[in-house]
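Have a look at the structure below before the remarks.
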Amino acid sequence: MTISVMITTKNRAVDLRRTLQVLRQLDPPPLEILITADGCTDDTLQMLKAEALKGEINNLKVMINEVGMGSVASRDRMMRAAKGDLVLALDDDSYPEQMDCLQLLSSLFDRRPSLAIAHFPQRTDEYPASLAQTDFGPARLTRSFANSGAVLRRSTYLELPGFEPRFFHMYEEPDYALQCVAAGYEVWFTPQITIRHHYSGATRSELRNHHRHSRNEMWSVWLRCPFPQCLGLAAYRVFSQFRYACKRGLGWVVREPVWWGQALGGIPFCVRQRKPIAWKHYRAWLSLADR
């Protein structure tokens, strides 16, 4: 099976260069490396031109968003433009640690025809204990994954709605995993491959990401969850996110209404696009391990 790589990046030229250096060593190499520069204002484009001139990455394809469209819309466009049977999704600061990983992935998807997504443990600076971790638990079915280290079957993606571009950033993974599970496909965590995630702090804001995650989680409920279960689940989502904000301190609590207003503003869109999933499938997705 042929494998493409996709990365969306914004103002992390140094991190992206390091990731490209590792991808250059993959054996066998990917069919193509798709990169979306999403509203970059640093020297990312100059760095990518320099890498292309070196001639060491002949399959590099760069898409440029002059104005940022967000990581979700960028990934959706790359999934639809990719030529590979499978697409390895990475962040600009993450890469696989096994140089023969593409052959392993091809074999895995060959063996499991119902597999839509495979994702992997990450050794990340966000959680320092993971850097020396060797036991990540058994392989298992899950209800989510991380686009900083996952492989998606492209034919399955094209069958389903896919990543919702309106999300902009955050929560596209569990929303798409829900679509896959409801359609009878598998989302599979396997420690067969590991991801090194440097988890750059550049352009990240924990509070902003919390608001986006919470808003998009609510939109996903309104888009996918059947009535009347969506009412109870929506209330629970508000409660659980508020409880998390309380753990982070007063500064987070007083800003919690920001995402409530954003979520309410998306109601007309959610009503127009709403395609509820049968409750038995939605409940089956909820029963799976988070990751």
All-but-one check, Val221 against (1) of a type in the set (A, V, I, L, M); (2) more than 17 Å from the chain's Cα centre (by Cα); (3) under 21 Å from Leu90 (Cβ atoms); (4) modelled with pLDDT of 95 or more, failing number (3)
Starting from residues that are on the phi < 0 side of the Ramachandran plot and among the polar types (S, T, N, Q), keep the ones in the range 10-28 and report whichever is nearest to the chain's Cα centre (by Cα). Thr19
Residue within the range 161-172 that is in a helix (DSSP H, G or I), aromatic (Phe, Trp, Tyr), more than 28 Å from Trp259 (Cα to Cα) and in contact (Cβ under 8 Å) with a residue 24 or more places away in the chain present: no
Please verify whether Ser200 is touching a helix residue (DSSP H, G or I) at 6+ places or on another chain (Cβ under 8 Å) and outside any helix (DSSP H, G or I), treating the condition exactly as stated. yes
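Limited to the range 129-150, what total is found for residues that are in a loop (DSSP other than H, G, I, E, B) and touching a residue at least 60 places away in the same chain (Cβ under 8 Å)?
Residues flagged as in a loop (DSSP other than H, G, I, E, B) and touching a residue at least 60 places away in the same chain (Cβ under 8 Å) within the range 129-150 amount to 5.
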For the structure I just gave you, tell me whether Ile35 is crowded, with 18+ Cβ neighbours inside 10 Å, hydrophobic (A, V, I, L, M, F, W, C) and touching a strand residue (DSSP E or B) at 6+ places or on another chain (Cβ under 7 Å). yes
Elements of type helices (runs of 4 or more DSSP H) contained in the range 204-291, each with 2 or more residues being under 24 Å from Ile117 (Cα atoms) and free of Cβ contacts under 8 Å to residues at least 60 places away in the same chain: 206-224, 279-286
Unique match (being under 26 Å from Leu20 (Cα atoms) and either of a type outside the set (Asp, Glu) or outside the structural domain of Glu186 (by TED's automatic domain parsing) (or both)) among Thr124, Thr142: Thr124
From the list Arg237, Arg166, Arg224, Arg248, pick out the single residue that is assigned by TED's automatic domain parsing to the domain that holds Ala89 and among the basic types (Lys, Arg). Arg166
Selection count where residues are of a type in the set (Ser, Thr, Tyr) and either closer than 16 Å to Ser240 by Cβ or surrounded by 22 or more Cβ atoms within 10 Å (Cβ to Cβ) (or both), scope the range 170-226: 4
What are the pairs, 6+ residues apart or on separate chains, where a residue within the range 9-24 that is in contact (Cβ under 8 Å) with a residue 12 or more places away in the chain has its Cβ under 6 Å from a residue that is in a helix (DSSP H, G or I) and β-branched (Val, Ile, Thr)? Ala13/Thr44
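Go through Gly84, Gly70 for me and flag whichever is in contact with a Lys or Arg (Cβ under 8 Å, 6 or more places away or on another chain), modelled with pLDDT of 95 or more and small (Gly, Ala, Ser).
Just a single option satisfies the conditions, and that option is Gly84.
The values are calculated or read from the model by the stated rules, or taken from the named source; none is laboratory data. Everything numeric here is computed off the predicted structure, so don't read it as measured data. As a convention, Cβ positions derive from the backbone with ideal geometry for all residues, glycine included, and neighbour counts pool all protein chains shown.
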